[in-house]
Structures are given as C-alpha cells and as structure tokens.
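Reading through the structure tokens given below for one structure.
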Amino acid sequence: MRILHFADVHIGVENYSKVDPETGLSSRLGDFLQTFDQMVDDAVESKIDLALFCGDAYKSRDPSQTHQREFAKRIVRLSNAGIPTFLLVGNHDTPNALGRATSLDIYKTLDVAMVTIGDTPRTYTVDTPSGPVQIVAVPWVRRSQFLAREESRRLTPDQINENIQESLTRIIQNNVEALNPTIPAVLAGHVTVGQATTSSEQSMMLGRDHVLLKSAVTLPQLDYVALGHIHKHQILGSLPHVVYAGSQQRIDFGEENDDKGYCVVDLDPTAPQGTRMTKFEFRQVEPRRFLTIDVKIDASDEDPTATVISAIQRVYVDDAIVRLRISLPVTQEAHLSDGDIQDALSAAHFVASISHEITERPRTRLAGAYGRGLSPQQALKRYLDSRQTAPDRAAALQQRAEGLIADQSAE
C-alpha cells in the first residue's frame with residue numbers, strides 16, 4: 001500500500017507577486033499550482049493508493065472562487081485516476097464561527113467520488129486499491145468550541161490550550177486503542193507537536209497554538225503519523241515515523257533554504273500492527289527560489305555601485321525572489337546608483353527589497369595641530385562652526401557649556 005502524504009498547499013498566498021500576462025492571475029498563484037501539479041503527476045504515475053492531505057488548502061478561511069476552482073481541479077484529477085483522497089481540515093480551512101462551513105465541506109456536500117473529509121476527531125476507514133486503511137483524524141480544533149462551554153469561560157488562553165491538549169490526547173488514545181489490529185492504521189493531524197521546528201510561518205498562524213506532546217502521537221499501534229501545519233519538512237521520530245510533510249512553496253525569506261515537497265510511504269498490510277512501514281521517501285518539488293544577497297561596502301571603496309553589481313552578478317538571480325542588503329558607511333550612501341542596481345536585478349522574478357544598513361556615521365574631529373592648545377570653549381566653538389550650527393543655537397550651547405565648566409570648577 002502506497003500513501004502520498006502532503007500538506008499546507010496554501011493556495012492564495014500572493015506576496016512577492018506580479019500579474020501573469022497570459023492568465024491575468026497572480027504569478028505566485030501559478031507557483032503554488034505548478035508544484036501542486038508536480039505532486040499530482042507523480043501520484044498518478046506512481047500508482048498511489050491513497051493521497052493523504054493534512055490540512056490548509058488555502059491561505060484564507062474564505063478562499064476566492066478561483067482558488068477553490070484550482071484546488072478542486074487537482075483533487076478531481078486524483079479521483080479520476082482512481083486514487084482516493086483524504087482531506088483533513090486545517091486551521092486555514094476552518095471558519096472562525098460555529099455553524100459556518102469549512103472551505104472543504106463542498107466536497108462532502110457534492111459527494112465527490114473517492115474524497116473523504118476529515119472534519120471530526122475520529123477514526124475513518126478508507127478503501128484503497130490495496131485494501132482498507134484506518135485514519136485517526138485530528139483536524140484543527142476551534143477554540144470557540146471550548147470557549148462556548150460554561151466551564152471554559154473563566155479560563156486563561158493558556159489554560160484553554162491545556163484543555164485542548166488534554167482532550168485531543170485523550171481522543172487520540174481512545175481511537176488508537178479501538179483500532180482493528182489487522183488493518184493498516186495512520187494518524188493524520190493538523191497540529192503543532194512539541195520538538196517541531198518552524199521556519200517563519202508564524203505570520204501564517206491564526207492565533208496561539210495548542211501543542212501536543214510527541215508522546216501523544218507516537219503510539220505503537222500506528223504504522224505512520226502524517227502531520228500538517230508546520231511548513232518545514234521534518235521527521236520527529238520513528239517507530240512509528242512522525243513526519244511533517246511541510247509546504248510545497250516557500251512563503252517568505254524565513255523559508256529560503258528549506259527543501260519543499262511531499263512524502264511517499266509504503267506499507268505492508270500483511271505485516272504485524274505497528275511494523276508495516278517498509279519504505280519512506282521525501283520527494284522534492286521545484287519551488288520558487290528565494291535569494292538574499294548581502295554586500296558590504298568599505299569607506300575606501302571608490303565605486304560602491306560597481307561593488308554591489310559585481311556581487312549580484314556572482315549569483316544566479318534569474319526568476320528568483322530577491323532581497324538585497326547593503327551595509328555601508330553613511331559617506332558612501334550618496335555614491336550608490338539605485339537605477340543601475342535595479343537594472344542588475346532585472347532578471348529576478350521579484351525584487352522584495354533593497355535595504356541600506358548604515359554601519360558608521362562620520363564624527364567631526366579637530367585633528368592635528370588645529371586642535372592643540374584650545375580651551376574647551378574654543379574647541380566647542382570650532383566644532384559648532386564646522387557643523388555650520390545656527391548662530392542662536394551655537395550661542396545657547398556655548399552658554400550652557402560655560403555654565404557646566406563653571407559648576408565643575410566650583411566642586
């Protein structure tokens with residue numbers, strides 16, 4: 001039995017975007033759909049038995065019709081290829097009020113063939129070409145569900161999170177203990193598990209997370225634990241494998257160096273419970289590159305613009321989302337030609353920023369013989385003259401200085 005595990009597609013993220021002249025849509029929408037298509041193509045060619053999606057189809061809780069259409073195209077293609085798909089509800093798929101539909105409910109309403117929606121914490125049994133599989137679903141839990149309870153109204157946010165953690169841990173334990181040991185079993189969760197590391201997607205979170213202990217999901221009755229919500233792919237443990245698939249596109253520069261993709265897991269249904277995984281593979285997609293270029297300019301640099309352009313030319317900026325960070329003394333800032341630098345970055349897909357970090361500012365000094373033998377008052381006057389201080393302000397400063405000197409002499 002071959003399972004494809006993916007998560008955090010986040011269709012609708014359009015930062016660092018421009019309009020695609022061929023479609024009239026966001027170029028970043030095209031990025032997200034391109035990597036989604038890479039995965040679907042592989043699923044069809046590899047004869048996947050189950051596509052297991054662990055939440056966050058969209059960026060928004062209220063996706064546009066275009067975003068819903070594009071996500072549905074890929075899900076229907078899996079269905080038409082005979083691949084059952086399990087769609088777990090994530091926090092970005094969940095409305096912020098009880099009674100409102102999730103962004104994935106439409107598949108259940110339309111009874112789309114071979115698509116199961118995991119919107120309740122319970123065990124689902126899904127038929128696949130290689131036999132049934134049990135999925136212990138842990139969708140995102142609405143805090144409002146707990147806030148609505150009388151006993152929760154006086155609790156602090158941290159106490160509510162503790163209650164959610166305890167409730168989910170108990171639900172998972174009860175469902176796992178009730179599993180049929182003769183049928184493969186995986187846990188699908190859209191949760192934060194302790195020890196997981198994030199890249200930068202804190203800006204994508206919709207509120208403070210509750211955190212499950214790793215021990216709550218690392219249970220011997222499970223053959224695999226598939227997780228979503230954290231964008232960085234990582235394996236938190238084995239026996240069973242506890243894995244975040246990660247997202248398929250980079251969201252911002254915090255994910256600049258992250259590999260992106262999805263997981264493919266082979267299970268042997270005939271093996272004993274908890275020992276069925278025979279192969280695990282993380283398959284990378286080709287996301288849009290993010291590139292940071294750091295340049296340091298010295299005070300003695302005779303052509304700082306040329307230095308910056310040379311640094312740009314040493315890296316491959318074509319089709320990348322680029323940020324340029326230039327550190328330099330303030331005396332060199334006026335010698336930078338922003339137009340020439342922007343021309344050197346013209347092959348980039350998008351220039352996110354060109355920032356100047358001032359490393360030092362000039363200090364007026366009375367050097368050499370010019371400053372020798374001067375009284376403090378004389379030195380101050382020459383300093384104020386060198387800075388072209390307004391006469392009224394210079395007089396006030398000198399008067400104040402004389403008062404301070406007089407006070408010091410009197411002590």
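Miscellaneous remarks
- Annotation for region 128-136: no member residue is at pLDDT 90 or above and part of a helix (DSSP H, G or I).
- Residue, surrounded by the most Cβ atoms within 10 Å (Cβ to Cβ), within region 321-341, restricted to residues that are outside any strand (DSSP E or B) and at pLDDT 95 or above: I341
- Any hit, region 378-398, residues being modelled with pLDDT of 95 or more, crowded, with 17+ Cβ neighbours inside 10 Å and either on the phi > 0 side of the Ramachandran plot or not in a loop (DSSP other than H, G, I, E, B) (or both): no
- Condition check for H210: modelled with pLDDT under 85 and either within 21 Å of the chain's Cα centre (by Cα) or within 28 Å of F253 (Cβ to Cβ) (or both): yes
- Residues located in region 306-315, provided they are within 28 Å of the chain's Cα centre (by Cα) and either in contact (Cβ under 8 Å) with a residue 24 or more places away in the chain or in a strand (DSSP E or B) (or both): I312, V315
- Within region 1-26, the set of residues being crowded, with 18+ Cβ neighbours inside 10 Å and either under 28 Å from G254 (Cα atoms) or without any contact (Cβ under 8 Å) to a residue 24 or more places away in the chain (or both) comprises L4, H5, F6, A7, D8, V9, H10, I11, G12, V13, Y16, S26.
- When each of D318, D407 is tested for being charged (D, E, K, R) and modelled with pLDDT of 95 or more, the lone residue that passes is D318.
- Flag for D37 being out of contact with any strand residue (DSSP E or B) (no Cβ under 6 Å at 6 or more places or on another chain), assigned by TED's automatic domain parsing to the domain that holds V193 and not small (G, A, S): yes
- The one condition from (1) in contact with a Leu (Cβ under 6 Å, 6 or more places away or on another chain); (2) loosely packed, with under 14 Cβ neighbours inside 10 Å; (3) of a type in the set (G, A, S) that S353 does not meet is (1).
- Top-ranked residue in region 112-127 [being in a strand (DSSP E or B) and in contact with a helix residue (DSSP H, G or I) (Cβ under 6 Å, 6 or more places away or on another chain); ranked as nearest to I183 (Cα to Cα)]: T123
- V265 in contact with a Pro (Cβ under 6 Å, 6 or more places away or on another chain) and not charged (D, E, K, R): no
Each row is one residue, and each column tells you yes or no for (1) in contact with a helix residue (DSSP H, G or I) (Cβ under 7 Å, 6 or more places away or on another chain); (2) assigned to a helix (DSSP H, G or I).
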{"position": "E14", "(1), (2)": "yes, no"}
{"position": "F32", "(1), (2)": "no, yes"}
{"position": "T35", "(1), (2)": "no, yes"}
{"position": "A43", "(1), (2)": "yes, yes"}
{"position": "A51", "(1), (2)": "yes, no"}
{"position": "D56", "(1), (2)": "yes, no"}
{"position": "R61", "(1), (2)": "yes, no"}
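Quick grid of which residues meet (1) modelled with pLDDT of 95 or more; (2) outside the structural domain of D340 (by TED's automatic domain parsing):
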site: T270; (1), (2): yes, yes
site: F280; (1), (2): yes, yes
site: S300; (1), (2): no, no
site: I309; (1), (2): yes, no
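- Residues in region 83-111 that are buried (at least 16 other Cβ atoms within 10 Å of the Cβ), assigned to a loop (DSSP other than H, G, I, E, B) and without any contact (Cβ under 8 Å) to a residue 40 or more places away in the chain: 1 in all.
The values are calculated or read from the model by the stated rules, or taken from the named source; none is laboratory data. Everything numeric in this text was worked out from a predicted model, so none of it was measured. Cβ coordinates were reconstructed from backbone atoms using ideal geometry, including for glycine residues, and neighbour counts include every protein chain displayed.
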